[in-house]
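Take a look at the structure set out below.
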Amino acid sequence: MDTLSKRLISWASLLDEKTLEQAHTTARMPFIYPHLALMPDAHLGKGATVGSVIPTLGAIIPAAVGVDIGCGMIAVRTQFTRAQLEARDLTGLREAIERAVPTSAGAYNRKIVATAAPRITELEELAEKAGFDPGEYAGHWRHQLGSLGSGNHFIEVSVDEEDRVWMFLHSGSRGIGNKIAMHHIKVASRLCKQWWIELPDPDLAYLVEGTPEFTAYIRQLKWAQHFALLNREEMMDRVARQVSETMGEPVVEEARINCHHNFTQAETHFNKQVWVSRKGAIEAESGRLGLIPGSMGTASYVVEGLGNPVALNSSPHGAGRQYSRTQARKTFTRDQLREAMAGIEYRDTDAFIDEIPQAYKPIDQVMEDAGELVEIRHTLRQLVNVKGD
């Protein structure tokens, strides 16, 4: 842990100057209380740093949550063993998952399947209670439920240190969450200009608690966070069906963890109630289980929170980029990606070069830096990887 200022405390041993400067800028906002906590995977983001925990009094910065509201992880441990899985057709399993779950940016379901229908009904009822129509943001939002997206979102079938098979995936609130976020970021920007508020960065525009705009954002934010959670559950159901068919027997669910890493909620820290925005960080209060994925081709972790109060009961959410997507494409090759993915069933394409492990911080270093924040319970190594272009 490094105290970089009264308002900024860091657990990152790998931190570039631009990221550090951005974190200092956010930490100086007048409503930060008591301090911004920088996680080991911190890297440059839009407005606020990815891998930061931002507690605020009486205000929220919509861009500090980000445009993928509720993005996070879900993992399910099955009764199957590595030997049982490796005896099956893993290419066929990957292709079956790719058929069952729409992947890539803009992809969504052609029809609403039986498992999705009750979840959509739940979301419709929640939206009515929140006083808004999600259809005004995205008319086909119902068909987005159960879709993966692109970038660093993935579906994996992995094994732990005891050779038990896990299903593991990463996604968020899809296009509907993005539209909700972008709307409220624009509202915050307009209001700050209207009130003649000078900002050190336009993306740090904020909404003030007690205003109608703040209330609308919180209601819609909570809805989008729940959409993201149900989206992961819907995809997990579909992955489980494909694993069951491949293995020739139904999946028996032995454990399940579902956690956000882009979200906001009210919490009490240092004797005050604050809004805690975790942009690329998971909740890690004492005893809480969470998920920290590595990059494509590396290990991921099931962790237990240690409840570090200075870190605001938080921990990192992954490896954290070291190269931008453009830089990665210029630096690395498809052959290097193939080498990194040796022994893993994946779709061999140039589209994933920017997701090569070398474009990210070493996950082992991130986990070492997080030693005061979480304890590792399981180490997962992927055997099947599904991603969208």
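Which pairs in the list Lys46/Lys179; Lys186/Lys387; Lys222/Lys272; Lys6/Lys186; Lys18/Lys193; Lys6/Lys272 are over 19 Å apart, alpha-carbon to alpha-carbon?
Beyond 19 Å between Cα atoms: Lys186/Lys387; Lys222/Lys272; Lys6/Lys186; Lys18/Lys193.
What is the distance, in nm, between label points placed 7 Å from the Cα along the Cα-to-Cβ direction at Thr379 and at Glu254?
1.9
Kindly express, to the nearest 10 degrees and within the range 0 to 90, the angle between helix 174-194's C-alpha long axis and the longest C-alpha principal axis of the chain.
10
Of all DSSP beta bridges located in the chain, what percent are antiparallel, nearest 5?
Taking every DSSP beta bridge within the chain, about 95 percent pair in antiparallel fashion.
Where in the range 222-264 does the amide nitrogen come within less than 14 Å of the point 7 Å from the Cα of Lys129, taken along Cα to Cβ?
222-227
Calculate the spin-label point distance for Leu57 paired with Gln84, positioning each point 7 Å from the Cα along the beta-carbon direction, and give it in nanometres.
A separation of 5.5 nm, rounded to one decimal place.
Name the residue from Met29, Gly51, Met73 whose Cα lies farthest towards the positive end of the charge dipole of the range 1-87, charges +1 on Cβ of Lys and Arg and -1 on Cβ of Asp and Glu.
Met29
Compute the distance in nm between two label points, each set 7 Å from the Cα along the Cα-to-Cβ direction, one at Glu372 and one at Leu14.
About 2.0 nm separates the two model spin labels.
How big is the dipole moment of the chain about its Cα centre under a simple scheme where the beta carbon of each Lys and Arg is +1, that of each Asp and Glu is -1, and everything else is neutral? Debye, nearest 20, please.
1020
To the nearest 0.05, what FRET efficiency results for Lys272 and Glu136 with a Förster distance of 30 Å applied to their C-beta separation?
Efficiency computed from Cβ-Cβ geometry: 0.25.
By how many degrees, 0 to 90 and rounded to 10, does the Cα axis of helix 90-100 deviate from the longest principal axis of the chain?
The angle comes out at about 50 degrees.
For Ser5 and Arg99 in one chain, what is 0.36 nm times their gap in residues minus the Cα-Cα distance, to one decimal in nm?
Gain in length upon complete extension: 28.8 nm.
What percent does the relative contact order of the range 1-54 come to when contacts are Cα pairs within less than 8 Å and at least six residues apart?
In percent, rounded to a whole number, it is 36.
What percent does the relative contact order of the range 40-194 come to when contacts are Cα pairs within less than 8 Å and at least six residues apart?
RCO, the range 40-194: 35 percent.
Report the accessible area of Ser150, computed with a 1.4 Å probe over the heavy atoms of all protein chains in place, in Å² rounded to the nearest 10.
40
Of the labelled options (i) 159; (ii) 131; (iii) 144, which one gives volume of the Cα convex hull per residue in Å³ as computed for this structure?
So the calculated entry is the one marked (ii).
Accessible area, 1.4 Å probe, largest first: how do Glu95, Glu156, Glu339 sort?
Order by accessible area, largest first: Glu339, Glu95, Glu156.
Name the residues of the range 347-365 whose amide N is less than 13 Å from a point 7 angstrom out from the Cα of Asp389 along the C-beta direction?
It comes to 348-353, nothing else.
Relative contact order (percent) for the range 172-326, with alpha-carbon contacts under 8 angstrom and 6 or more residues of separation?
15
Could you work out what % of the accessible surface of the chain is carbon and sulfur, using a 1.4 angstrom probe and leaving DNA, RNA and ligands out of the count?
Here carbon and sulfur together make up 48 percent of the probe-accessible area.
With +1 on each Lys and Arg Cβ and -1 on each Asp and Glu Cβ, how big is the dipole of the range 275-336 about its Cα centre, in debye rounded to the nearest 20?
In debye, rounded to 20, the range 275-336 gives about 480.
If you count only protein heavy atoms with a 1.4 Å probe, what accessible area per residue comes out for the chain, rounded to a whole Å²?
Per residue, the chain has an accessible area of 41 Å².
The values are calculated or read from the model by the stated rules, or taken from the named source; none is laboratory data. Keep in mind the model is a prediction, meaning the values are calculated, not measured. Every residue, glycine as well, gets a Cβ built from its backbone with ideal geometry; the counts of neighbours run over all protein chains shown. Heavy atoms of the whole protein, side chains included, go into the accessibility calculation; ligands, DNA and RNA do not. Shrake-Rupley method; radii C 1.70, N 1.55, O 1.52, S 1.80 Å.
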